[in-house]
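Below: the structure, in structure tokens.
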Amino acid sequence: MEEGWFRPITPSQDGLSGLDTSVAHIARIQNYWRGGKDNFAVDRQAAEHAMAAYPDLVASVRANQAFLARSVRYLAGQAGISQFLDIGTGLPAAGSAHEVAQEVAPDSRVVYVDNDPMVLAHARALLTGSEPGTTAYLDADLRDASGLVEQAAARLDFSRPVAVLLVSVLHMIEDREDPQAIVGTLLDAVAPGSFLVLTHVASDLEPEAMAEMARRVNQHVAKPTTPR
């Protein structure tokens with residue numbers, strides 16, 4: 001198990017409702033790329049299939065996680081941001097938002113958002129050991145940005161600046177679902193002085209390899225990835 005913010009959960013022993021272990025899930029695929037163990041054989045097969053098309057994939061995924069940590073450290077320190085909305089947080093990884101933010105500023109509030117049942121199970125383990133009001137988890141879908149904001153408003157003060165973290169998640173939104181409008185809804189909801197942290201799988205960097213990598217991932221997952 002990688003060092004991270006959740007107690008480990010053994011997938012085969014959980015009996016998680018709503019968890020389909022016959023279809024790969026991007027959160028569990030990324031967990032494998034990060035060196036974690038919260039994944040199934042179907043996820044590992046999909047991950048290896050994609051890696052064969054883009055050998056730098058693991059390094060890229062881990063660099064992305066390091067970018068998230070650097071961004072949160074800057075925001076909690078130099079920028080003075082004390083509220084974080086991390087959307088599409090995924091499964092355990094060292095340097096997660098609440099670890100970094102609360103190391104710099106212990107009073108930081110971090111709200112995680114995801115809609116995968118395995119992520120939810122880990123979140124319950126996290127919240128068991130967290131002080132009330134410092135770290136929370138929302139079972140919500142980025143595609144319903146207005147509903148997400150409504151839920152988050154119960155945990156965060158949207159009259160003060162918030163850092164919205166959309167790290168490696170928007171490529172899971174298809175063009176027909178209008179990702180630009182989703183981001184606009186989130187940014188309209190936050191106060192002046194807020195920040196947006198965003199990374200996205202690119203279609204114009206090593207385009208042939210990236211296109212093949214995305215094609216292979218999409219062969220395995222229920223929700224396709226869309227490089228842009």
**Item:** Cα radius of gyration and Dmax for the chain (Å)
**Value:** 16.9, 47
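Taking K and R as +1 and D and E as -1, what net charge do the other residues with C-beta under 12 Å from the C-beta of Asp141 add up to? Let's see the in-between values first.
Numbers: positive: Arg143, Lys223; negative: Asp114, Asp116, Asp139, Asp144, Glu177.
That works out to -3.
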**Request:** Please give the helix 179-189 orientation as an angle from the longest Cα principal axis of the chain, in degrees from 0 to 90, rounded to the nearest 10.
**Result:** 10
**Prompt:** Where is the GNM fluctuation largest for the chain (alpha-carbon springs, 10 angstrom cutoff): Gln78, Gln151, Gln65?
**Reply:** Gln78
**Fill in**
Summing -39500 (n - 2.57) over every DSSP H run of at least 4 in the chain, dividing by its residue total and rounding to the nearest 500, the 222 nm mean residue ellipticity is -13000 deg cm²/dmol
**Prompt:** Considering only the chain, what is the antiparallel percent among its DSSP beta bridges, to the nearest 5?
**Reply:** 0
**Fill in**
In degrees, nearest 10, the alpha-carbon axis of helix 41-53 is tilted away from the dominant principal axis of the alpha carbons of the chain by 80
**Request:** Would you work out which of Val201, Ala153, Ala97 lies farthest towards the positive end of the dipole of the chain? Charges go on Cβ: Lys and Arg +1, Asp and Glu -1.
**Result:** Ala97
**Request:** With all protein chains present, calculate the accessible area of His49 using a 1.4 Å probe and round the result to the nearest 10 Å².
**Result:** 60
**Asked** Ordered by packing density, taken as the mean number of other Cβ atoms within 10 Å over each peptide's residues, highest first, how do 174-181, 28-35, 84-91 rank?
**Response** 84-91, 28-35, 174-181
**Message:** Can you compute the modelled spin-label distance between Ala79 and Leu187, with each label point 7 Å from Cα toward Cβ, in nm?
**Reply:** 1.3
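What number, in percent, do you get for the relative contact order of the chain if the mean sequence gap of Cα pairs under 8 Å and at least 6 apart is divided by its residue count?
Numbers: 393 pairs, mean separation 50.5, N = 228.
Once divided by the residue count of the chain, the mean separation gives 22 percent.
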**Request:** Search the structure for amide H atoms under 5 Å from the amide H of Tyr137, placed 1.01 Å from N in the peptide plane, and list their residues when 5 or more places away or on another chain.
**Result:** Tyr112
**Prompt:** Treating the beta-carbon of each Lys and Arg as +1 and of each Asp and Glu as -1, no other charges, what is the dipole magnitude of region 144-228 about its Cα centre, to the nearest 20 debye?
**Reply:** 240
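Hey, can you find the accessible area per residue of the chain for me, probe 1.4 Å, expressed in square angstrom?
On the way: 10610 Å² over 228 residues.
Accessible area per residue: 47 Å².
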**Message:** Suppose a student asked you for the relative contact order of region 134-220, using Cα pairs under 8 Å spaced at least 6 residues apart; what percent would you report?
**Reply:** 33
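Rounded to the nearest 20 Debye, what is the dipole magnitude of region 73-228 about its Cα centre when Lys and Arg each give +1 and Asp and Glu each give -1 at the C-beta? List each step's numbers first, then the result.
Values: 11 positive and 21 negative charges, 35 e Å.
In debye, rounded to 20, region 73-228 gives about 160.
The values are calculated or read from the model by the stated rules, or taken from the named source; none is laboratory data. Keep in mind it's a predicted model, so treat the numbers as computed, not measured. When we count neighbours, we look across all protein chains shown, and the Cβ atoms used for this are built from the backbone with ideal geometry, even at glycine. Side chains are part of the model used for accessible areas, which takes the heavy atoms of the whole protein and leaves out ligands, DNA and RNA. Shrake-Rupley method; radii C 1.70, N 1.55, O 1.52, S 1.80 Å.
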